[in-house]
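The values are calculated or read from the model by the stated rules, or taken from the named source; none is laboratory data. Fair warning: this is a prediction, and the values are worked out from it, not measured in the lab. Please note: Cβ atoms are built from the backbone with ideal geometry, for glycine as well, and neighbour counts cover all protein chains shown.
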Ligand SMILES: Nc1ncnc2c1ncn2[C@@H]1O[C@H](COP(=O)(O)OP(=O)(O)O)[C@@H](O)[C@H]1O
Ligand SMILES: N[C@@H](CCC(=O)OP(=O)(O)O)C(=O)O
């Protein structure tokens, strides 16, 4: 489905705004946010909500029983999943009562987003809901997800949703005015950055973690989200969701927080998905003198140039191509499993190795390669 010639906003609302004291959902801050959604829609701006808060909203249903074992990390995870299940319905009911139009719930995990078919299916569902003036409300499906399958924070999730939905703006509503040059909860002289045009290691170095009982990720995950969104041509705002003025400012075209400008050379949808949504299942190390400046160069990779195969991956999984000096060259879908590729790469006779790839095809295909601009391994 093609991008429609209209504005589309993804609004991400953090837990602190939904269930600030973990005593169920509170309408205290949501009214201004709901009004913003209503006013966006009245202006013809399509709106999608990514709402955190199921765990914080459900927490009050699980008072700690005397002598219970709920303090071990494993028990905490189990408890949070149950809180999310109980809190999600309460959270949806709370949003629903603000609107005189229908809402729809979409719960997903990273496992859904990294699978191309499921990703496209989510995309089409969102477009269909928007076409019918229904407000999509998304959250991670915390109850079913596992470490391997989760996105883990709704900042990154909102950026993946914004890219999937071809949005032009992502608004992250937080408990603070925007990105400061250092954590303002620790440094009284911290200064707010109104605009960020380039996200690099200096910007990441400004970000600390969360200080609240309910937030996940702090500023770091918001910058990651802004980086993902920007490279898909999406402007990202971090604003203070506690302040009604933030929403008035946005509606009148002013920036109330920090604006991360969209890249002027955005990635095309499929390349963006490969770069920012899919996670690599393994690595293929190639000699650093290899020319890897284009997708065509990568697609011409031969098994003789493979130095090492790391991790366990199946044919069709995504891998990182790295050079032996640690530079990340590209992300690509592998046409080989890790076992088969290792077997071929270990052949001492280059002609024999070539004969395998001649009959089985290239290690990666040109259409499934996203170049990574030669980023160092530990950039962030
Ligand atoms: N450089 C920074 N600028 C602003 N906030 C920061 C910074 N570094 C760390 N933080 C913390 O990030 C918090 C916001 O993230 P988080 O607690 O995850 O909330 P949310 O629920 O909105 O996602 C701030 O309240 C602050 O404590
Ligand atoms: N999916 C979780 C929220 C995770 C999250 O990122 O929370 P937050 O930092 O408050 O946006 C929930 O619904 O409780």
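For region 213-237, what are the residues that are surrounded by 17 or more Cβ atoms within 10 Å (Cβ to Cβ) and within 12 Å of ligand 2 (Cβ to nearest atom)?
In the first step, residues of region 213-237 are kept if they are surrounded by 17 or more Cβ atoms within 10 Å (Cβ to Cβ); the result is 214-237.
Matches in region 213-237: 214, 215, 216, 217, 218, 219, 220, 221, 222, 224, 225.
Filtering region 145-165 down to residues that are surrounded by 19 or more Cβ atoms within 10 Å (Cβ to Cβ) and more than 16 Å from ligand 2 (Cβ to nearest atom), which residue is nearest to residue 232 (Cα to Cα)? Reasoning before the result, please.
The first filter runs over region 145-165 and keeps only residues surrounded by 19 or more Cβ atoms within 10 Å (Cβ to Cβ), leaving 145, 151, 153-165.
Then keep just the ones that are more than 16 Å from ligand 2 (Cβ to nearest atom); that gives 163-165.
Numbers: 163: 6, 164: 10, 165: 11 Å.
Here the residue is 163.
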Discussion item. Looking at region 166-178 only, could you name the residues that are in a loop (DSSP other than H, G, I, E, B) and away from ligand 2 (no atom under 15 Å from the Cβ)?
Written reply: 166, 167, 168, 177, 178
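Quick one: which residue in 215, 241, 253, 152 is more than 10 Å from ligand 1 (Cβ to nearest atom), under 21 Å from the mean Cα position of the chain (by Cα) and closer than 26 Å to residue 34 by Cα?
Details: 215 fails: more than 10 Å from ligand 1 (Cβ to nearest atom); 241 fails: more than 10 Å from ligand 1 (Cβ to nearest atom); 253 fails: under 21 Å from the mean Cα position of the chain (by Cα).
The unique qualifying residue is 152.
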Discussion item. For region 116-144, which positions are in a loop (DSSP other than H, G, I, E, B) and more than 16 Å from ligand 2 (Cβ to nearest atom)?
Written reply: 132, 133, 134
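Inside region 188-204, can you point out the residues that are near ligand 1 (Cβ under 9 Å from one of its atoms) and without any contact (Cβ under 8 Å) to a residue 60 or more places away in the chain? Full working, then the answer.
Residues of region 188-204 that are near ligand 1 (Cβ under 9 Å from one of its atoms), as a first pass: 190, 192-193.
Correct list: 190 only.
Hey, does region 57-74 have a residue that's within 23 Å of the chain's Cα centre (by Cα), over 15 Å from residue 251 (Cβ atoms), buried (at least 18 other Cβ atoms within 10 Å of the Cβ) and at pLDDT 95 or above? If you could, list the steps in order and put the result at the bottom.
Here is the first cut: in region 57-74, the residues within 23 Å of the chain's Cα centre (by Cα) are 57.
With the extra rule that they be over 15 Å from residue 251 (Cβ atoms), the set shrinks to 57.
The next check asks that each one be buried (at least 18 other Cβ atoms within 10 Å of the Cβ); those that pass are 57.
Now narrow it down to the ones that are at pLDDT 95 or above: 57.
The answer is yes, given that some residue of region 57-74 is within 23 Å of the chain's Cα centre (by Cα), over 15 Å from residue 251 (Cβ atoms), buried (at least 18 other Cβ atoms within 10 Å of the Cβ) and at pLDDT 95 or above.
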Discussion item. With the condition being touching a helix residue (DSSP H, G or I) at 6+ places or on another chain (Cβ under 7 Å), I'd like the helices (runs of 4 or more DSSP H) fully within region 284-380 carrying at least 2 qualifying residues.
Written reply: 338-345, 350-360
Item to complete: Kindly indicate whether any position in region 26-46 is part of a strand (DSSP E or B) and modelled with pLDDT of 95 or more.
Response: yes
Fill in: Residues located in region 229-278, provided they are out of contact with any strand residue (DSSP E or B) (no Cβ under 7 Å at 6 or more places or on another chain), farther than 22 Å from residue 371 by Cβ and part of a helix (DSSP H, G or I)
244, 245, 247, 248, 249, 251
